[in-house]
Amino acid sequence: MAYHWPADTVFRELTLEVDDRTCWQCEQPRTVCCHRQRRFFTCDGPVQLLCKLCHCSNPACPDHQTTVSPEAETALVMPYWVLAWDVFGWLGHRRFARHWSVPQIRDELRDRFAIPVSVDAVERYVGRYQRMLAARQHDPVEVARAYRRAKGLILTIDGLQPEKGHETLYVVREIGQKRVWFAEALLSSSAAEVQRLLARARAWAERLGLPVRCWISDKQDAFVTGLAAEFPGVPHRYCSNHFVRDLAKPVLEADSHAKVQMRKKVRDLRAIERDVLAERAAAADAADGPATDAPPAVAAADVVLEYCAAVRGILNDNQGGPLHPPGERMAEALTEVRQSLQRNLGAKKGGPRRPA
Ligand SMILES: [Zn+2]
């Protein structure tokens, strides 16, 4: 969609001409045949560009009907774009190197460069930048440059499902240079499909002329068979991240079971609290009248109630992941409570009653 320029926009005017004025076909001179105007934003403000288009002056030449644009035009801005390369580069850098959000980029374009564009437009340019970046990442010359000092390759493959029901995106990465080599969405995770990706990885490694030291994956069947076929003799290690994640499940299950057992043992807090509250009320009545110091039985009852509150908090705590599971945290906390009770009893500070 064409950009709607406000009527009061002030443009910097620029004119470009074709440099190469000799026809490539017949070597007759090229002459200016028409003009084309276009407008776009640069970091230094809006530009109105006048392009002088040429064609071959020889009516008999096949290029007589073809117009040629000034060579410098696409160095400033791509066809149909409203943002020049400088703005485009700025935008891509903010998005992918600084991880700015699209609305943030839109706001900064307006505040800093006075470039009012919509979120949709920013997203479109971010998409273009991403495609260019991906193309550059795949450029064999660029890849060879990144690996010129490398001695070997450590490759990983993993399938990611962006959302449930979507096809799985298979990503091949090289750990040494921390580089995504390629990613492809496969409709089926069949061994044949996966092996096609592995063959592509082998072609990359061969082109770089570097040995593959090791493969790392979650060892799903298609990877195991595919790697054995495409990379015979190359070690295939289990990814430690997947290993810990797979181990976490049985650990958390065992932990959850231990928690249930502890909760069974430490119970009836409510009954203890009820008894203590009743005893405290009776003791306060017996003390008769307003007292400045609580009687010993009342103070002891408060201690018991505070222990009960602490223990209830511990039993309801569900924090902690697989590396510090909730049951283990519970056991540690309950042990501290028991030790604290023992210390109190040892110092004879405890009341006549204690929590279970
Ligand atoms: Zn010609």
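Please treat every number below as a calculation from the coordinates, not as lab data. Keep in mind that this is a model prediction, so the values were computed, not measured. Neighbour counts are summed over all protein chains in view; Cβ atoms, including those assigned to glycine, are modelled from backbone coordinates with ideal geometry.
Observations on the structure shown:
- Screening the candidates 19, 44, 86 for the property of being surrounded by 14 or more Cβ atoms within 10 Å (Cβ to Cβ) and charged (D, E, K, R) yields one hit, 86.
- Residues in region 61-83 that are in contact with a strand residue (DSSP E or B) (Cβ under 8 Å, 6 or more places away or on another chain), part of a loop (DSSP other than H, G, I, E, B) and more than 16 Å from the ligand (Cβ to nearest atom): 69, 70, 72, 77, 81, 82.
- Tabulated pairs, region 38-66, first in contact (Cβ under 8 Å) with a residue 12 or more places away in the chain, second in a strand (DSSP E or B) and within 8 Å of the ligand (Cβ to nearest atom), C-beta under 8 angstrom, 6+ apart or interchain: 54/30; 55/30; 56/30; 57/30; 63/56
- Filter result for the condition that a residue is in contact with a strand residue (DSSP E or B) (Cβ under 8 Å, 6 or more places away or on another chain) and outside any loop (DSSP other than H, G, I, E, B), over 107, 86, 111: 86
- If you go through region 143-167 and keep only what is in contact (Cβ under 8 Å) with a residue 40 or more places away in the chain, in a loop (DSSP other than H, G, I, E, B) and surrounded by 11 or more Cβ atoms within 10 Å (Cβ to Cβ), you end up with 147, 150, 152.
- Near pairs, Cβ below 8 angstrom, 6+ apart or cross-chain, from region 4-29 (away from the ligand (no atom under 16 Å from the Cβ)) to any residue that is part of a loop (DSSP other than H, G, I, E, B): 12/44; 16/70; 16/72; 17/70; 19/70; 19/71; 19/72
- Figure legend. Inter-residue proximity from region 219-244: first residues on the phi > 0 side of the Ramachandran plot, second residues of a type in the set (Lys, Arg) and surrounded by fewer than 15 Cβ atoms within 10 Å (Cβ to Cβ), beta-carbon distance below 9 Å, spacing 6+ or different chains. Indicated pairs: 219/237.
- Boolean, residue 193 is over 17 Å from residue 171 (Cβ atoms) and either touching a residue at least 12 places away in the same chain (Cβ under 8 Å) or not aromatic (Phe, Trp, Tyr) (or both): no
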